[in-house]
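See structure below.
What follows is calculated from the coordinates using simple rules that are stated; it is not laboratory data. All values reported here derive from a predicted model rather than from experimental measurement. Glycine gets a Cβ as well: all are built from the backbone with ideal geometry, and neighbour counts include every protein chain shown.
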Amino acid sequence: MRILVVEDEHRIANSIKKGLEQENYAVDVAYNGDDGYDLAATEDYDSIILDLMLPGMDGVKIIESLRKEKIHTPILVLTAKGQIQDKIKGLDSGADDYLTKPFSFEELLARIRALMRRPKIAVDEVLAVADLTLNPKTFEVKRAGKDVLLSNKEFALLEFLLRNKTRIMTKDQIIGHVWDYDSDILPNTVEVYIRNLRNKIDLPFHNKKPLIQTIRGFGYKIG
Ligand code: CA
């Protein structure tokens, strides 16, 4: 499997390359947008890891141009914190997934593996359980047809639970996937966010079955 990394911060680019190579991926790196686009358009990659803020062509422009050229290589976008809301439109133009910096390498790997499992032409994926839906691309969450507004972390937590629905997720698994290495995690952080989520997706729908379940001594599951 061959991956292109487009990232102008050499330290990040090189550590991604090194980490991926240890996992037996073949990795090319471009340190600016123009080189990144040229490589992505001419070489055959299984997936592309793309920073958004780049010298030369920026990430969103690269995605739009590639998709216009009917190049459907899966793209994982890297964004700085807070950039994501501004970039939804750009992401809608054809990125397949995104990851907020700083990120854990483990999560990057998991997302890359998931991307490569998908068919080459990505379809809009909406995660759902019962009457709750979450669209990872548009960040829309609805229950019983009503919009539910979540913070970034609540969204990430719900997405993680939905991607693992019917399985019990421990607090450690949740922390490992939803929070990055640099976050300050208190012992009750997960409980606090689970409570927030319940207040938004279960409590207002009191005539329906609660979706988030606490499995005492183990963790949480949705469904
Ligand atoms: Ca950058």
Exercise for the section: Using only alpha carbon positions, build the gyration tensor of region 132-207, then give the equivalent ellipsoid semi-axes as the square roots of 5 times its eigenvalues, largest first, whole angstrom. Expected result: 21, 14, 12
Completion exercise
With T = 20 °C, eta = 1.002 mPa s and Kirkwood Rh from C-alpha pairs, the Stokes-Einstein D of region 28-72 in µm²/s is about 207
Problem - Pairwise label distance in nanometres, N199 with D184, each label 7 Å out on the Cα-Cβ vector - result: 2.0
Exercise for the section: Kindly state, to the nearest 0.05, the FRET efficiency for D58 paired with T138, given R0 = 25 Å and r defined as their beta-carbon distance. Expected result: 0.75
Handout entry: Pair K209, R167: separation of 7 Å Cα→Cβ label points (nm)
Key = 2.1
Problem - Degrees separating the helix 33-42 axis from the principal Cα axis of the chain, which is the longest one - result: 80
Practice task
Return the whole-Å distance between the Cα centroid of region 130-160 and the Cα centroid of region 6-41.
Solution key: 32
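Once you list every other residue whose beta carbon is under 14 Å from the beta carbon of Y220, what net charge do they have if Lys and Arg are +1 and Asp and Glu are -1? Walk me through the numbers before you get to the answer.
Working: positive: R163, K165, R167, K171, R195, R198, R216, K221; negative: E154, E159, D172, E191, D202.
Its environment carries a net charge of +3.
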Exercise for the section: With a bin width of 10 angstrom, please list the P(r) values of the chain as percents of all Cα-Cα pairs, from the 0 bin to the one holding the largest distance. Expected result: 7, 32, 33, 20, 7, 0
Problem - Size-normalised alpha-carbon gyration radius of region 183-223, reference 2.2 N^0.38 Å - result: 1.26
Fill in the blank from the handout: Among K146/K209; K18/K153; K17/K101, the pairs whose Cα-Cα distance exceeds 18 Å are K18/K153
Fill in the blank from the handout: Taking chymotrypsin sites (Phe, Trp or Tyr not before Pro) as exposed when in a DSSP loop with at most 15 other Cβ atoms inside 10 Å, the chain has its longest clean stretch at 1-180
